[in-house]
Amino acid sequence: MVAIKLTYFNAPGRAEIVRLILAQGGVEYTDERIEGKDWPEAKTYLAGKTSLEQAQADEIFDFLTQDLQEHIIKFMFVEKDEDKKAELKKKFIEETAPKGLGFLEKRLENNGGEYFTGNLSYADLAFYQFGKFTEDLLDLEEMAKNFPKLAALYGRVSELPNVKKYKESQS
């Protein structure tokens, strides 16, 4: 059985709905509750080393999941009219994705070109996942020509030992 561990403050807060869902579903999990004084140390795992890096990681993650992936979800899963689906898909491929990737390329460049926050963060992993999610949708070779820093980031993340190990375990 898969072990689930929920880590959150020693309070109901935003995690309470997750606890309720797990409880109602009869799912066993570890409810790790941390005190506020321990939060800064607990949060540093891939979240950014400073408040600025944490904000940058949040910005990139939100942009990927809210601004870009939401467009894909609309034409892949929500829209039922085939003509509208095709129109939304075309707009995403020709306009939304290139514009969004241009934004990400600039953010990456502004922080040294290696990682979105200057250090490996969950934003870089989210970008890698976005690339995997869109590999059948976007012409990744074309995107790599137009956004070389993003292509290099994708390659860097794919070669991280633990990411490689995880990918191999999923094959």
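Observations on the structure shown:
- Most mobile of Q24, Q56, Q129 in a GNM of the chain (Cα contacts under 10 Å): Q24
- Other-chain or far-sequence residues with amide H under 5 Å of F9's (modelled H): I34
- Across all directions, the average projected area of the convex hull around the alpha carbons of the stretch 84-141 is 4.3 nm².
- For M143, M76, order by how many other beta-carbon atoms lie within 10 Å, fewest first: M76, M143
- Fewest neighbouring Cβ atoms within 10 Å first, the residues F75, F130 line up as F75, F130.
- Estimated from helices alone, the mean residue ellipticity of the chain at 222 nm is -16000 deg cm²/dmol (sum of -39500 (n - 2.57) over DSSP H runs with n ≥ 4, per residue).
- Aspartates and glutamates whose Cα lies under 18 Å from that of K167, excluding same-chain neighbours fewer than 8 positions away: D124, E135, D136, E159
- In terms of surrounding Cβ atoms within a 10 Å radius of their Cβ, Y166, Y128 rank from fewest to most as Y166, Y128.
- Kirkwood Rh, Cα atoms: Rg over Rh of the stretch 51-162: 0.99
- Using θ = phi - 60° in the Karplus curve 6.51 cos²θ - 1.76 cosθ + 1.60, the 3J(HN,Hα) couplings for the stretch 126-138 round to 5, 5, 4, 4, 4, x, 5, 5, 9, 4, 8, 9, 9 Hz; x is entered for Gly and Pro.
- Under 5 Å, built H, 5+ apart or other chain: amide partners of L138: none
Each reported figure results from applying straightforward, stated rules to the coordinates on display, with no laboratory input. Since this is a predicted model, take the numbers as computed values, not measurements. With ideal geometry, Cβ positions are generated from the backbone for all residues, glycine too; neighbour counts draw on all protein chains shown.
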